[in-house]
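Enquirer: A single structure is presented below for examination.
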Amino acid sequence: MRSRRRFFLLTALVLLAVLCWYLFLKGYNYKIRFKTPHAPGTVYSSLYNLQTWNTEDFDSVALANSRPFEELTHHLFINDSSFSINWKIKRLDDSLTQVTALAKDLKNPFIQNLAVPFQKNAFVNRSIRTTQDQMNGLFVHQKDYKVQLSGNEAVTIPSQFCAYVTLESKIYEKGNNMISNIGLIMNYIKSNEIPLTGDPFLQVSSWNPREETIVYDFCFPIKKPDLLPETKTINFKHTEEFKGLKAIFNGNYRLTDRAWYELIDHAQSLGVDFEMRPFEIYRNDPHSGGNELEWVAEVYLPVKE
């Protein structure tokens with residue numbers, strides 16, 4: 001008899017503890033999961049920019065915190081409602097990444113914990129719709145580019161002399177920034193009759209993934225003249241030779257960061273130490289138009305020797 005009472009008492013205490021955790025300590029009201037073939041960095045970048053792209057469904061969106069390529073939290077506001085979504089990103093295997101969305105009503109979390117098991121209310125529907133929009137966005141953009149990794153061995157990128165400008169922007173703005181500065185560099189090169197020796201390239205010198213910002217040199221390789229014509233806007237340098245993992249990117253050059261994330265994921269799977277300073281060579285002129293999926297960029301991720 002005593003053992004039975006102890007069993008029921010212990011069961012009751014466990015159930016009470018679970019109920020208290022669910023109602024007061026859980027930290028979220030509703031959980032949604034989906035899987036995607038994209039690299040964790042691609043998922044992180046897409047989710048990070050939710051506050052930039054998703055302006056119709058909400059009055060405002062704020063990034064509360066982030067841990068690059070692993071986790072981030074948004075606060076979302078619409079009318080008199082406010083809720084948060086904590087996104088957790090986990091690589092499952094070579095081909096799948098799992099995204100877990102933990103949604104919480106910031107004004108009425110206790111009430112939602114009572115309601116969610118029994119009905120799909122406005123909070124649940126909005127959480128599901130927001131998560132589905134982000135998942136669908138990943139697959140929609142996937143049609144706009146292709147990334148092909150070029151083996152497991154690092155290749156050597158030789159030193160070049162180049163004319164360049166240093167730029168700083170959000171990652172998604174780099175394409176427009178380069179287009180805005182092509183004329184500046186090319187006008188100098190053409191007006192001074194300096195021969196080009198190769199295709200233009202971009203060299204990242206600083207990358208802050210927490211802020212999605214980069215500092216980079218937009219470069220045109222040239223034959224070094226005996227005397228450089230004076231300029232206050234164009235810089236010159238010899239790039240350093242380095243070794244890096246290589247990928248071939250096809251698509252609009254504003255999306256080449258998708259290759260960065262694939263290379264980072266590839267380097268991590270190989271156990272290779274790398275530097276977050278991507279290097280890109282552009283083999284096509286965007287001004288010529290044509291099918292963007294036929295545009296080619298060689299993308300390199302420097303590795304530490």
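Enquirer: With axes computed from alpha carbons, what is the tilt in degrees of helix 122-142 against the longest principal axis of the chain, rounded to the nearest 10 within 0 to 90?
Expert: In the chain, helix 122-142 runs at an angle near 30 degrees to the longest axis.
Enquirer: At a Förster radius of 41 Å, what calculated FRET efficiency corresponds to the Cβ-Cβ distance of Asn79 and Glu168, to the nearest 0.05?
Expert: 0.65
Enquirer: Note the angle between two axes, namely the Cα long axis of helix 2-20 and the longest principal axis of the Cα atoms of the chain, as a number of degrees from 0 to 90, rounded to the nearest 10.
Expert: 40
Enquirer: Further question on the same structure: Taking springs between alpha-carbon atoms closer than 10 angstrom, which of Gly41, Gly175, Gly289 fluctuates most in the Gaussian network model of the chain?
Expert: Of the options given, Gly289 has the highest mean-square fluctuation.
Enquirer: Give me His287, His38, His75, His141 sorted ascending by neighbouring Cβ count inside 10 Å, so fewest comes first.
Expert: His287, His141, His75, His38
Enquirer: So what's the projected area for the stretch 193-297, the Cα convex hull averaged over all directions, in nm²?
Expert: Taking the Cα atoms of the stretch 193-297, their convex hull projects to 8.6 nm² on average.
Enquirer: What are the radius of gyration and Dmax of the chain, computed over its Cα atoms and given in Å?
Expert: Every Cα atom of the chain included, Rg and Dmax give 25.1, 101 Å.
Enquirer: Okay, moving on. Name the most mobile residue of Lys232, Lys88, Lys35, meaning the one with the largest mean-square fluctuation, in a Gaussian network model of the chain with Cα contacts below 10 Å.
Expert: Result: Lys232 has the largest fluctuation of those listed.
Enquirer: Same structure, new question: Summing -39500 (n - 2.57) over the DSSP H runs of n ≥ 4 in the chain and dividing by its residue number, what mean residue ellipticity at 222 nm do you reach, to the nearest 500 deg cm²/dmol?
Expert: -9500 deg cm²/dmol, from helical runs alone.
Enquirer: Find the all-direction average of the projected area of the Cα convex hull for the stretch 116-168, expressing the result in square nanometres with one decimal place.
Expert: In nm², the orientation-averaged hull projection of the stretch 116-168 is 8.9.
Enquirer: Calculate how steeply helix 174-191 sits against the longest principal axis of the alpha-carbon atoms of the chain, using the helix alpha-carbon long axis, and give the answer as 0 to 90 degrees to the nearest 10.
Expert: Taking the Cα atoms of the chain, the angle to 174-191 is about 10 degrees.
Enquirer: For Phe249, Phe58, Phe236, what ranking results if the residue with the fewest other Cβ atoms within 10 Å of its Cβ goes first?
Expert: The order, fewest Cβ neighbours first, is Phe236, Phe58, Phe249.
Read the figures in this text as sums done on the coordinates, not as results from a lab. Just so you know, these numbers come straight off a predicted model, no measurement behind them. With ideal geometry, Cβ positions are generated from the backbone for all residues, glycine too; neighbour counts draw on all protein chains shown.
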